[in-house]
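Engineer: Sharing a structure, written as structure tokens. Questions coming.
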Amino acid sequence: MAPVLKTEEELRIMREAGRIVAAAHEAMRRAIEPGVTTKALDTIALTVLRDHGAEPCFLGYAPGEHPPFPATITACVNRELVHGIPSEQRVLIDGDIVSVDVACFYKGYVGDAAFTHPVGEISRSARRLMAATEDALAAAIAASVIGNRVSDVAKATSKCAARAGYSVAREYTGHGVGQAMHEEPQVPNWWPGKKSRVRWQDYDLRPGMTYAIEPMLIAGRPDLVELEDGWTVVTKDGSLTAHYEHTVAITEDGPLILTLP
Ligand code: MG
């Protein structure tokens, strides 16, 4: 199915949804410090969403074989790449980096964004990984212009990661966002060569296309393992990961970031 192109009115609502996600991010950023649990961050996000009349997308989400996701945010610490389940037992400690992803439904539309944040004093290598991941997101957003294709966005991400000496998560991609949390197109963080068995559908970028770009960079090897909780994905070699995400609209005037404050 081709990507759904949104009207200006739809983009206006999606911008509101994105602002609510940004408000949840801001509240969590203020709370992150050693001693805080990932469950506490989850409660903060849910409160902000509901205060704004929005509902969490992840809560109860159960694609394929997965058990229903039990929380508003995904919270991933250090080697955890995606889909970390918030927990009262998971206490953030000095030197951790934590990646938080939030998506909400608002007036029938979705906003989706993620960020990585330091807990107390972090290592120089962790800081460098975070900066490179933010750079990769910025490069992918800059490539989100008419005349380009989805593959150009994917290549912008992987080029940035490679230049900094990092791997990208190959199995997890950004995605179209609209009335559903996952629409066409998939927006990968790399683009396979002609001989690869992996195939993504490529599209010309057109005004009204909306998608979430979410580079996940890995300091070590890109091999991943899913934990027994049925959700949390970690790096096999234990290396650090970072994850940044914005929902973006393609417009005649260039990319419009929908999930800024
Ligand atoms: Mg997300």
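Engineer: Output the relative contact order of the chain, whole-number percent, from Cα pairs under 8 angstrom with separation of 6+ residues.
Structural biologist: 24
Engineer: Based on the alpha-carbon gyration tensor of the chain, what equivalent-ellipsoid semi-axes (square roots of 5 times the eigenvalues) come out, in whole Å, largest first? Could the numbers behind the result be given before it?
Structural biologist: Values: eigenvalues 136, 103, 55 Å².
That gives 26, 23, 17 Å for the three semi-axes.
Engineer: Turning to a different aspect of this structure: Could you work out the relative contact order of region 1-130? I mean the mean sequence separation of Cα pairs under 8 Å and 6+ apart, divided by the number of residues, in percent. Intermediate results must be reported in sequence, preceding the final value.
Structural biologist: Details: 241 pairs, mean separation 37.0, N = 130.
Here the relative contact order equals 28 percent.
Engineer: Out of the GluC sites (Glu not before Pro) in region 216-246, which ones are loop residues according to DSSP with at most 16 other C-beta atoms within 10 Å?
Structural biologist: The qualifying sites are 228.
Engineer: Also, quick follow-up: Go through 107/159; 6/195; 194/236; 159/194; 107/155; 155/236 and tell me which ones have a Cα-Cα distance over 29 Å in this structure. Could you put the intermediate results ahead of the total?
Structural biologist: Values: 107/159 37 Å; 6/195 35 Å; 194/236 27 Å; 159/194 17 Å; 107/155 33 Å; 155/236 24 Å.
Checking Cα-Cα distances, 107/159; 6/195; 107/155 exceed 29 Å.
Engineer: Local charge sum around residue 112 (other residues, Cβ-Cβ under 12 Å, Lys/Arg +1, Asp/Glu -1)?
Structural biologist: -4
Engineer: I would also like to ask the following. Which loop-located trypsin sites (Lys or Arg not before Pro) does region 140-218 contain, where loop means any DSSP state but H, G, I, E or B and the Cβ has at most 10 other Cβ atoms within 10 Å?
Structural biologist: When the trypsin sites (Lys or Arg not before Pro) of region 140-218 are filtered for loop state and at most 10 Cβ neighbours within 10 Å, 194, 195, 197, 199 remain.
Engineer: Classify region 15-154 as rounded, prolate or oblate from the Cα gyration tensor: take a ≥ b ≥ c as the square roots of its eigenvalues, call it rounded if a/c is under 1.5, otherwise prolate when a/b beats b/c and oblate if not.
Structural biologist: oblate
Engineer: Could you identify which residue out of 26, 65, 121 has the top mean-square fluctuation in a GNM of the chain using Cα springs shorter than 10 Å?
Structural biologist: Comparing 26, 65, 121 in the GNM, the peak value goes to 65.
Engineer: Report the extension gain between residue 196 and residue 253 in nm, rounded to one decimal, defined as 0.36 nm multiplied by the number of residues separating them, less their alpha carbon distance.
Structural biologist: Between residue 196 and residue 253, full extension yields an extra 17.1 nm.
Engineer: Shape call for region 144-261 from the C-alpha gyration tensor, a ≥ b ≥ c root eigenvalues: rounded (a/c under 1.5), prolate (a/b greater than b/c) or oblate?
Structural biologist: Verdict is prolate for region 144-261.
Engineer: Contour minus end-to-end for residue 87 and residue 8, with contour as 0.36 nm per residue of separation and end-to-end as the Cα-Cα distance?
Structural biologist: Full-extension gain reported as 24.5 nm.
Engineer: While we're looking at this one, here's another question. Would you mind computing, in nm to one decimal, how far apart the modelled labels at residue 125 and residue 94 are, each placed 7 Å from Cα along Cα→Cβ?
Structural biologist: Result for the modelled spin labels: 2.0 nm.
Engineer: Full-extension gain between residue 59 and residue 223, please, as 0.36 nm times their residue separation minus the C-alpha to C-alpha distance.
Structural biologist: Gain on extension, residue 59 to residue 223, equals 56.3 nm.
Engineer: Given Cα pairs under 8 Å that are at least 6 residues apart, what percent is the relative contact order of region 56-196?
Structural biologist: RCO, region 56-196: 17 percent.
Engineer: With springs only between Cα atoms under 10 Å, which of 137, 59, 227 fluctuates most in a Gaussian network model of the chain?
Structural biologist: Taking springs between Cα atoms under 10 Å, the residue moving most is 227.
Where a number appears in this text, it was derived from the coordinates with a stated rule and is not lab data. Predicted model only: the values in this text are computed from it and were never measured. Positions of Cβ are generated from backbone atoms using ideal geometry, with glycine treated the same way; all protein chains shown enter the neighbour counts.
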